[in-house]
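See structure below.
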Amino acid sequence: MAIEAQGRRRGTSRHRSASRFAIPRPVGRAARVLTPVLSLLPPVVLLVLVQSLSPVAQRVPSGAARFDLAGAWLATEPGALAGTTSWLTAPTLGRLQLGLLVRGLQGGQAQSVLAAAHGGVLLLAVVEAVLLWWVLRRAGAGGVAAGLATAVFAIAPIAVVTHATVSATTFGACWLLLGTGLALGRTRTGRIAGGAAAAVAVASAPVLAIPAVALAALLVVRFAAERARRGGAWVRPVLAVGLGFGVAAVLLAVAMAVTAALPAGAATARLDALTAAQGSAPTLGAAAFATWIATDPLALLLVLAAAVLTAIAGRGRGPVVLLAVTLAAAVWPLGGDAVTPLVLLLPAAAAVLARSVDVGVSALGHPTFVRSVLGSAWLTGVGALLVVGITAWLVGLGGLVRGADQPVAQAERWIDSSVPAGQTVLVGLGAYPDLVGTTKATIGWYGGPAGTTDVPSSVPWSRADYVVADASLPPDRTGAAASVLGRSLEVATFGRGDAAMSVRAVRETGTATAPAAPTTAAGRRAAEVRKQAGTQLAENPRVQVDGQDRARLLAGDVDTRIVLVLAQFVTAHSVAISGFGTAQGDTSGIRTTVTIKAIDGRAVPTDGTKTGVLLRFLSDLRGDFATKSIDASDDGITAAFRPAPDLVPSG
């Protein structure tokens, strides 16, 4: 007995194994530190894998994301922020951060703006997931709870859609999570930095002011509760966070005021025009709730059940209050676009889910059988949501499209090869950053807030020669957009469904002579052949022609002989056409002359070799295809055919 007592006093036992089998202390300390971190690695790996191979991430941005991507691109133009006053009416600071990230990623390798943007939002999603896990752990969540909640935040179907959305608000969410984690720390410096991060978050995305206020109130309550248990004043941590927020807010306000006082330039006008086009009127905020229900009802039901479970258990009701506030903001019209509130809802939902998982883990070891079974069932339900997310992702892999085959890339190649320099092409905001500056044509954007029929544009609709139409165009559009699109004809279509983009050539206005409706069977047959042949030539990317003349081809206003002669010639060459004309004295309205200004990119008649190729080809035409005259001028080589409205050429 004396020996046993002595062993107990020394902290040993006479039955203990040899010490050489004990785990070294550094290894043990590392294991204690790394074990919780291991709960973070699987969600992050899944997030990167799912988002990298998600068809959702290949889509051209829609909704508010259109304005965020285009605004990010315009905000990073030299001098764009000088004189701008849109700091609080739009997430301009968030767009600036997004633009710098996109340009940085794009500059590192040859890729499209859209690809760089999706790479940027993937990076932000990883940062947000890590910060969320860190905040949950600091708030007291267990490793299992934080890991499962972060996994749901990473790969639930609604999360996949949200993380793939190009949104400037995501920067604000990251800043707010960083500020929350720092404020939950023990040091005064960290709390001051947390307050400063919260100020940057609100400045990056003003809509974050709603959850930021709720979060600040919850932190005050938490600080007060902690000080009540441990003693001491709770005012000091609150003042530290407030000091950081106040100082950062003043510095940001001064910087914005100084920038707004600078003389504005053309880049500023482009950025302000985008802000004005988006409008400040709130749209139906309940659309966010509807989007979640339509995309991932299981996750929504699970989160609501987690909120009820956490409230009943009485363990940390703060996340439930935060979720309720952000959910109300999402449904309330002040929530705005359907995407933005989802960026705010997911972290709050993950916090509630983490609390509920802790409740479930505690219930597993409860002596009451029913509570133990309910805890096991709850954890199984959370795991089932992860299985559903992975299954949905695997099913969607069939929708992946190579970058070169995506609609915006196909439209870019078509415009570059088929639209002459100086022509004006209006494209949707989502595709604008990828198309502007990549072609010889002048690229402008169109886009308005959801739910409106008016479609603002950076270039007047009346100047458009081509329009690249996408799903963002409202079907019941009004004003100048309706007028221009009403007289446009489709030239080419790329993609399917909501991702489809169609190139439309705009017909001229005014009193220009149009072919009269045929009155004979031969005339109707000739008109049908002209339209069929003209449509085929208009879709040929080796033919460069302005929008009005391409529309004439589509409408069947160009003589069939010209169409067939050009179709044969472009099998070996590319041509740029100055225009189609009518013969003097011909009242039929059918274009029987064509002026070619370049062959294979070389101007004619300036280039003697290419001019010779064209003249020999035109001179060798015989029968119905024989030219009436061939002339050379500064505009190019003009070939004229005799007027014959009812002719269907043979041979």
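The values are calculated or read from the model by the stated rules, or taken from the named source; none is laboratory data. The structure displayed is predicted, hence computed values, not measured ones. Every residue, glycine as well, gets a Cβ built from its backbone with ideal geometry; the counts of neighbours run over all protein chains shown. For the accessible areas, the whole protein counts, side chains as well, though only heavy atoms, and no ligand, DNA or RNA atoms are used. Shrake-Rupley method; radii C 1.70, N 1.55, O 1.52, S 1.80 Å.
Yes or no, residue by residue, for (1) more than 23 Å from Asp470 (Cα to Cα); (2) surrounded by 21 or more Cβ atoms within 10 Å (Cβ to Cβ); (3) touching a residue at least 60 places away in the same chain (Cβ under 8 Å):
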position: Asp68; (1), (2), (3): no, yes, yes
position: Pro91; (1), (2), (3): yes, yes, yes
position: Leu98; (1), (2), (3): yes, yes, yes
position: Trp134; (1), (2), (3): yes, no, no
position: Pro157; (1), (2), (3): yes, yes, yes
position: Val161; (1), (2), (3): no, no, yes
### Subset of the stretch 437-451 [touching a residue at least 40 places away in the same chain (Cβ under 8 Å) and surrounded by 15 or more Cβ atoms within 10 Å (Cβ to Cβ)]
Trp445, Gly447, Gly448, Pro449, Ala450
## Note on the structure
Sole miss for Arg463 among (1) without any contact (Cβ under 8 Å) to a residue 60 or more places away in the chain; (2) within 19 Å of the chain's Cα centre (by Cα); (3) open to solvent by 50 Å² or more (accessible area, probe 1.4 Å) is condition (2)
### Query
Across the stretch 510-531, what is the total count of residues that are in a loop (DSSP other than H, G, I, E, B) and without any contact (Cβ under 8 Å) to a residue 40 or more places away in the chain?
5
### Message
Step by step: first the residues of the stretch 545-577, then only those that are modelled with pLDDT of 90 or more and of a type in the set (S, T, N, Q), then the one that is farthest from Leu614 (Cα to Cα). Which residue is that?
### Response
Thr560
### Message
Name the single residue that is farthest from Ala516 (Cα to Cα) among those in the stretch 594-631 being within 49 Å of the chain's Cα centre (by Cα) and small (Gly, Ala, Ser).
### Response
Gly608
### Query
Which number in (1) in contact (Cβ under 8 Å) with a residue 40 or more places away in the chain; (2) closer than 28 Å to Val166 by Cβ marks the one condition that Leu489 misses?
(2)
### Query
Restricting attention to the stretch 484-499, does a residue exist that is over 18 Å from Glu539 (Cα atoms), surrounded by 23 or more Cβ atoms within 10 Å (Cβ to Cβ) and either outside the structural domain of Val543 (by the TED database) or modelled with pLDDT under 90 (or both)?
yes
